[in-house]
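For reference, the structure discussed in these notes is given below.
The values are calculated or read from the model by the stated rules, or taken from the named source; none is laboratory data. It should be emphasised that the depicted structure is a prediction, and the values quoted were computed from it without experimental measurement. Ideal geometry is used to build each Cβ from the backbone, glycine not excepted, and the neighbour counts take in all protein chains shown. Remember, those area values only see protein heavy atoms, side chains included, never the ligands or the DNA or RNA. Shrake-Rupley method; radii C 1.70, N 1.55, O 1.52, S 1.80 Å.
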Amino acid sequence: MLKLFNQNKIAFLILVSAFFFFFYIAYTAEATYDSGDGIRHYLVSRYCWLHPDLLLYSWGKPFFTLLSSPFSQFGLLGINVFNILCGIGSAFFAYKIAQVLKLKYGLLVIPFLLFTPCYFPTLNSGLTEPFFGFVLIASIYLMFSERYIWACILVSFLPFVRTEGNLILPLFFIVLLYRRKFLSSLFLAFGTLVYSIIGFFYFNDFFWIKNQNPYDGGNKDFYGAGDLFHFIDRHNLIWGTALGYLFVIGLVALLFNSIHTIINKQTKENKLPEELLLIYGSFAIYFVAHSIFWWKGLANSLGLLRVLAAVIPCSALICLRGFHLVMIPFLREKKILAFVIIATTIFWVIRSPFKHEYFPFKMDSEQVVVKQAGEWFKASPYASKKVYYLHPYLPHVLNIDSFNPEKVGELWGLYPSIKAYGIVAI
């Protein structure tokens, strides 16, 4: 018990240190990681208090908008802090799950999560992936803790953080059926019911969630399509070398753990169903879905690697399971060698994201041009006039309400006429 208490204190110190580390990066960064969707989500979140209809804006993700909006009032750094807190919170719940699974090196799940190359930069952004990961891993922890109703209520809002949440809800339903928690399973519809009722009074449409789906695939020629193995081929950009190996070993570890559990008839007593379906299953269904989306040009997919950040909390636990398997020969003897392996792995993992082109966070060529245009506009005689824009970074540079029709107008509406003139978007 004393050892566990000391480990918890170490985890707390690591998490607090990680918060200040990521805050320093965001505070000193020249630019945010994503100046497209990340800025757009930030603008929706920031101005929803002036335009309450944005709280039901499907593309903006209503639950994300609601929870992040208090932070967004402090500017882009505010929403960065929100996402940093989501990252820290995700690491905390992943660590608590590791304790439930009795994984000896549970503390390692914290760097395994926060320093995964595709996850690391999203904490310096207004993207929805970190919050999705937080809601998912917190819900999984509640399931592991047998607080089923609270788990169902929380995860029921996952589709309103990212639409892919609809793919994960059935996994929770299967676990609840296995655990014979039939009443609890009804609460998986709670979030959808709440937003359907609220939307009915605003849109006069109880089924507005379905009818206003922004991912109907209508712009397939704009978003494009690609190879089915797009994400697998870019595994090093997603995980880095060390975590990539550990992830594969973690898949093997699942097989060993499953066989051991079934042979000893312990499925009722341990958490294999939860680990298999909610951790491995959530990652698998999300990964496969996005591979198919990009392959078939569905759901407005661009094949962006950062979308996988949403399930990296699950990936981190899979990597930890892999590391635990690797370290079995060193659990009792060879402690010096075990220490060297642990230290080398931590160094390798933490170093990985800093080798990627996104770090340090600097403005890309588009942001530089947009900022120059914005600074010119603010100093020009036209500064008081209505401005039309396409790049979401411009209203941030101008610091204007991008949803005030008297101040700004978006040019996305020109897209149909652009196609009519035979101009093909690349």
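Once both labels are positioned 7 Å from their Cα atoms along Cα-to-Cβ, the gap between W49 and W295 label points is 4.6 nm.
With loop membership from DSSP and a limit of 14 other Cβ atoms within 10 Å, the longest segment of the chain without GluC sites (Glu not before Pro) is 147-268. Summing charges over all other residues whose Cβ lies under 14 Å from the Cβ of I198, with Lys and Arg as +1 and Asp and Glu as -1, gives -2. Annotation: V288 carries an accessible surface of approximately 80 Å², with a 1.4 Å probe and no ligand, DNA or RNA atoms counted. Under a Cβ-Cβ cut-off of 13 Å, what is the net charge of the residues other than P395 that fall near it, where Lys and Arg count +1 and Asp and Glu count -1? It works out to a net charge of +4.
Applied to region 240-245, the Karplus parametrisation 6.51 cos²θ - 1.76 cosθ + 1.60 on θ = phi - 60° returns per-residue 3J(HN,Hα) values of x, 5, 4, 5, x, 5 Hz, with x for Gly and Pro.
Net charge around V368, counting only other residues with Cβ within less than 13 Å of its Cβ (Lys, Arg = +1; Asp, Glu = -1)? Neighbour charge sum, excluding V368 itself: -2. For q = 0.14 Å⁻¹, what log10 I(q)/I(0) does region 298-362 give under the Debye formula with an equal point scatterer on each alpha carbon and no solvent? Calculated log10 I(q)/I(0) at the listed q: -0.63.
For the listed residue pairs K104/K355; K271/K335; K9/K61, the alpha carbons are over 31 angstrom apart in K9/K61. Phi angles of region 69-79 translate, via the Karplus equation with coefficients 6.51, -1.76, 1.60 and θ = phi - 60°, into HN-Hα couplings of 4, x, 6, 5, 5, 9, x, 4, 4, x, 6 Hz per residue; Gly and Pro are given as x.
The residues W294, W208, W348, W150, sorted by heavy-atom accessible surface at 1.4 Å with ligands and nucleic acids left out, run W150, W348, W294, W208 from largest to smallest. With all protein chains kept in place, the per residue accessible area of region 1-66 amounts to 53 square angstrom at a probe of 1.4 angstrom. F229 sits with roughly 110 Å² accessible to a 1.4 Å probe, with DNA, RNA and ligands left out of the calculation. In this structure, the amide hydrogen of G409, modeled 1.01 Å from its nitrogen in the peptide plane, lies closer than 5 angstrom to those of V387, Y388, Y389, counting only residues at least 5 positions away or on a different chain.
Looking at the square roots a ≥ b ≥ c of the eigenvalues of the Cα gyration tensor of region 290-418, which shape do they give, rounded for a/c under 1.5, prolate if a/b is larger than b/c, or oblate? Cα axes put region 290-418 in the prolate bin. In this structure region 293-416 gives 57 Å² per residue of accessible area when probed at 1.4 Å with all protein chains present. Axis of helix 165-178 versus longest Cα principal axis of the chain: the two differ by about 30°, to the nearest ten degrees. Take F71: with every protein chain present and a 1.4 Å probe, its accessible area is about 60 Å².
Structure remark: mean-square fluctuation, Gaussian network model of the chain, C-alpha springs under 10 Å; the largest value among T345, T116, T32 belongs to T345.
Based on alpha carbons, the Rg and Dmax found for the chain are 22.6, 78 Å.
Express the carbon and sulfur contribution to the solvent-accessible surface of the chain as a percent, rounded to the nearest whole number, probe 1.4 angstrom.
68 percent
Based on Cα contacts under 8 Å between residues 6+ apart, region 97-239 shows a relative contact order of 20 percent.
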